[in-house]
Every structure is written in structure tokens, then in C-alpha cells.
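A short worksheet on the structure shown next.
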Amino acid sequence: MTEVAFFVGAIGAIGGAIAVVAMRNPFYSVLALVVHLVFLAGIFLLLRAQFIAAAQIVVYAGAVMVIYVFVAAYVGGIEEPMFDSSPMLRIVGPILAVALFVEISIAVLGSSLTALGTDGSDKIQGGFGTPEAIGKLMLEDFLIAFEAASLLLLVAAVAAIILAGRKKAQKEAA
Amino acid sequence: MTALLADTTFVEATWILVVKSILIFIVILSVVPVVLLVERKLLGRMQQRYGPNRVGPYGSIQPLADVGKLLSKQSFRPKAAIPFLYEIAPALTIFSAVITLAILPFGDVQGGWGLYGIDVPIGILYFFAFSSIAFYGLLLGGWASGSKYSFLGAMRSAAQLISYEIAMGLSLLGVVMMAGSLSLVDIVKAQGEIWYVVPQIVAFLIFMVAGFAETNRVPFDLPEADAELVAGYQTEYGGMRFGSYMFAEYMEVLIVSGIAATMFLGGWMGPGPSWLDPIWMLAKMLLLTGFFIWIRATLPRFRYDQLMSFGWKILIPIATLNVLVTAVLVVAT
């Protein structure tokens, strides 16, 4: 049963990811990305990481992708590609993609392959995916890193507001 | 025995879960038409008229007649609509509404049966996860209809949903901090001494206001403002697809009422023997649903910019302040 659920999740996630780059219409690309994220959340559930799965849906599918959908729905609906791909890009694109794939493969093979035991979840102590465990990790064990990240996000948000405000002020002055 | 997808606090046999799912679904499915009828009757009385009174005694089988009419209508699709998305959108909306019923607790574990669908440790996050899926049902419906009214209605609902979901989440954070758990069953149990509506009255008010916005009800029914947008995202829908949207809307009203009853009004708690628990829960849910109807008869609709500035500049700061004060008090005591 677990295997069936895994393959449903894996096929959905990979299919969604392929559809993101294969679709011509940006709106469908965004929808495919949502499908991908939902199936990915399913795989997190299989790994007993319930909090991550819920956060994945609430934050990515429910907030980040909503903004994407907004933009794509207003701007998109265009069947032809938004720009002509130059011959340069057609050569450089695949090369970069292959380079990234090789790099990730080296990272996976080199470091974390030994961690992929065949025994599955009983190697990990129970309840590691619950909100309590995540909260303990974030607010006790890695408090400084967590606070630094939140400060960084705050700076980014303030910067975005200031940039938007400056553009508006310029428009009014002109 | 371990569950397939997630650890639950109370593990039951699979057949019990199936029976429970069917039972919960049947109860809520039969409550929705009653709410529909009560809404029309109450609205009628509040507006000095009778409301439906032709079908059956006192118009009591009017909802059945409505569903019969919708079912027998031709499933019509506009030429400009995108076939697959247009058809899947109402299904998505109703799916995300029905699936949330699973976490509403109607009682504690009694005689080996947990009187709820499932009790997941992520509790209330489950509700938020599926209400973000519900957004796609509205937006796809509006976008795929190929009509500007539908599209504008969908865009309004999108902006409104994401704005008020923040206030809604922040308002529940206070309750979660006081109870020390996200699980709805634990939150009800933590209200043994005092219902959270008393210490968290600010959060309760914010939650109810945001709940009206989330369910697109008056005074926040901008997505379907008929004077400007015909019927918003559902303009091009007819027959049972329109029925699905309507059904999902009332289901969501019931769910928001249920969550409010669980988080603030002590859930299944009430005087009397323990077999009365589910009835108390249902009664509290229906009381809050009645409040939704009452507001619909009372208040006019907001203007769209008022709605946005109210959500972002008033509700969210108050909700944040409430979280801050609660956090300080929880740590201090």
C-alpha cells in the first residue's frame, strides 16, 4: 500500500515538474507547478513529515503560487511564446541543465547516499514530523539561524515596500 | 498498526474509519439543505415576507425541489470556456470543503470510537491547507469560464482570500498558544475550565469577521457582487455545477462555524451525559450558522477598497497584537 502511494506521489510530482517546463501557456505552467507541489506534499506525508506537508501546501500552494497565478492570469493567456529563443540560448540552456544535473548527482552520490537506508522510517525516532519536534528544532536547537533567516526576510519585505513606494512617488512627481 | 499517511493520536481499524466518514458525510449532507431552507425562511421573516411556502408544509421540501431542478438542467458550457478546467473547478471546491469535515471533533473517544474523523497532530493546519486548495476551485472556475465578469470575480475572491487568511491564522494562534496543541481534540479538552471565547474574545471576533470573508458571505461577498459582476466567478455556471458551488459555500459556512465552535466555544462540551456531546457540537455549529444568516439580513456590502484596507490595516495589526499579548501572558503565567 505504501509502495502504491509512493508511486502515485512520485509520478504526480515528476509529471507536474515536466509539465511546468513543457507547457507553452504560462498559466498552465503555474497550475502544473501547483500539482507538483501537492504531490510532493503527499510524499512528505508518506515520510511522516506532517508539519512539512501542511506547510508545503499552506505556504507554497496557498500563498506563493497564488501570487504566480495572479500574475499569469492577468498577463498570460498568450498561446505564442513571450520571446523568441535565440540560437545561443538553445545551446547554452541544455549545457547548463546537464551541468546542474551532474553537480546534484555528485552531491547525492558523494555525501548522502549512505543515509538512504532500506529500513525506512523505524530508524528515525517517532514523532519527528510533528509540530512539537519542528518547533523544538527551530526555536531551541537552531534559534540563532532561525532568527537570522526571519530578519533577512523582514529586510527583504521592507525593501520591497520601499522600492514600490519610490516608484509611486516618482510617478506622482512626474 | 500504523496509518498509511500520517501518525494519529488515536488509531482505529480501517472499517471504523470508513463507517465514520460515511456517517459524518451523511449528517452534514442532510444539514446543508436544512440550513438553506432556514436561511431563506429567516431572511424572509427579517424582511417582512414569508419566504418559500409553496412546496410541502411551510415550504419544507423547497431545497429538494431546487436540487431536482438543478439536476435536470442541461450541463451547459460557454464556447470560450476551457473544457477540462471549467468542469474540474466546482469539483475541486466541493472536495476541499468536504474533506475538512474530517477534523471537526464531535466528541471525545467513547466506547472505542473517536467521535471525529481523524485527530491529526497538525490539527488546524489541515483546515488551512485545504482552504488554500479551495482558492484554486474559485480561481479556475472564473478563469476557465472565458468571461470577463467571471474573471474579475475570481480575481477579487483570490485577493480577498489571501488577505483574510492571514488574519484568520493569526487569530487562531492565540488559542493554539493557550492550549499548547494544534490538535482540535486537545484544544477542546483544554477548555474544561473556561471557554476560550472569554480570554480570547478579540481573536474570536477577528476569526468571525475573517470567516465571513473566507466564505464570501455578506458583507464581504464582493466576489459575487451582483450589481457589478453579475454573479462573480460562478456567472457562467449552470445546473448542478452551479449547485456544487452553492453547496460548497454552505458547507464552508458550516465548517467555519464548526471550527469557531471548537476553538472558542468549547466544542462538544455542555451539561448532560456524554452521549449528548455530538448534539452540543452540532447545536453550537448551527447557532453560529444562524449568526451568518442574521448578518446577511442586516449589513450592506462593503466597497472593495474598504474591504482590502480593513483586512490589511485593521484586522491584521489587531490580530498580531493579540498574538503578542497572549504570548507574553502565556509565558508569564
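The values are calculated or read from the model by the stated rules, or taken from the named source; none is laboratory data. What you see is a predicted model; the values in this text were computed from it and never measured. Neighbour counts run over all protein chains shown; Cβ positions are idealised from the backbone, glycine included.
Would segment B:98-113 turn up any residue that is out of contact with any Phe, Trp or Tyr (no Cβ under 7 Å at 6 or more places or on another chain), part of a helix (DSSP H, G or I) and not aliphatic (A, V, I, L, M)?
Taking every residue of segment B:98-113 in turn, none turns out to be out of contact with any Phe, Trp or Tyr (no Cβ under 7 Å at 6 or more places or on another chain), part of a helix (DSSP H, G or I) and not aliphatic (A, V, I, L, M).
Give the number of residues within segment B:179-203 that are among the hydrophobic types (A, V, I, L, M, F, W, C) and surrounded by fewer than 21 Cβ atoms within 10 Å (Cβ to Cβ).
8
State yes or no: is A:L45 closer than 30 Å to A:M138 by Cα, more than 10 Å from chain B (Cβ to nearest Cβ) and crowded, with 18+ Cβ neighbours inside 10 Å?
Spelling it out, it is not the case that A:L45 is closer than 30 Å to A:M138 by Cα, more than 10 Å from chain B (Cβ to nearest Cβ) and crowded, with 18+ Cβ neighbours inside 10 Å.
Condition first: polar (S, T, N, Q) and surrounded by 21 or more Cβ atoms within 10 Å (Cβ to Cβ). Now tell me which residues in segment B:67-97 satisfy that.
Of everything in segment B:67-97, those that are polar (S, T, N, Q) and surrounded by 21 or more Cβ atoms within 10 Å (Cβ to Cβ) turn out to be B:T93, B:S96.
Does A:Y74 satisfy being within 13 Å of chain B (Cβ to nearest Cβ), free of Cβ contacts under 8 Å to residues at least 24 places away in the same chain, among the aromatic types (F, W, Y) and under 24 Å from B:P83 (Cβ atoms)?
Judged against the criteria, A:Y74 is a match.
Can you name the residue in segment A:48-57 that is buried (at least 23 other Cβ atoms within 10 Å of the Cβ) and at the interface with chain B (Cβ under 7 Å from one of its Cβ atoms) and is also farthest from B:Y136 (Cα to Cα) among such residues?
Residue satisfying both the conditions and the ranking: A:Q50.
Does B:G267 satisfy the criteria of being in a loop (DSSP other than H, G, I, E, B), at positive phi and under 17 Å from the mean Cα position of the chain (by Cα)?
So B:G267 passes the test.
Restricting segment B:111-156 to residues that are within 10 Å of another protein chain (Cβ to nearest Cβ) and on the phi > 0 side of the Ramachandran plot, which is surrounded by the most Cβ atoms within 10 Å (Cβ to Cβ)?
B:G123
Would you mind stating whether A:F27 is at the interface with chain B (Cβ under 8 Å from one of its Cβ atoms), touching a Gly at 6+ places or on another chain (Cβ under 6 Å), surrounded by 15 or more Cβ atoms within 10 Å (Cβ to Cβ) and aromatic (F, W, Y)?
Here the answer is yes, as A:F27 does meet what is asked.
Listed residues A:V8, A:V4; which is more than 18 Å from the chain's Cα centre (by Cα), exposed (fewer than 11 other Cβ atoms within 10 Å of the Cβ), of a type in the set (A, V, I, L, M, F, W, C) and assigned to a helix (DSSP H, G or I)?
Only one candidate qualifies: A:V4.
Pairs, please: C-beta under 6 Å, at least 6 apart or cross-chain, first residue of a type in the set (S, T, N, Q) and in segment B:135-154, second in a helix (DSSP H, G or I) and modelled with pLDDT of 80 or more?
Close Cβ pairs satisfying both conditions: B:S150/B:G142.
Which number in (1) exposed (fewer than 10 other Cβ atoms within 10 Å of the Cβ); (2) at pLDDT 80 or above marks the one condition that A:G135 misses?
A:G135 satisfies all of (1) exposed (fewer than 10 other Cβ atoms within 10 Å of the Cβ); (2) at pLDDT 80 or above except (1).
With respect to A:I78, determine if the residue is at pLDDT below 85, surrounded by 11 or more Cβ atoms within 10 Å (Cβ to Cβ), outside any helix (DSSP H, G or I) and out of contact with any Cys (no Cβ under 7 Å at 6 or more places or on another chain).
yes
From the list B:V176, B:V202, which one is within 11 Å of chain A (Cβ to nearest Cβ), more than 17 Å from the chain's Cα centre (by Cα) and at pLDDT 85 or above?
Answer to the check: B:V176.
Can you tell me which residue among A:V8, A:V35, A:V69 is within 12 Å of chain B (Cβ to nearest Cβ) and free of Cβ contacts under 8 Å to residues at least 24 places away in the same chain?
Going through A:V8, A:V35, A:V69 in turn, the sole match is A:V35.
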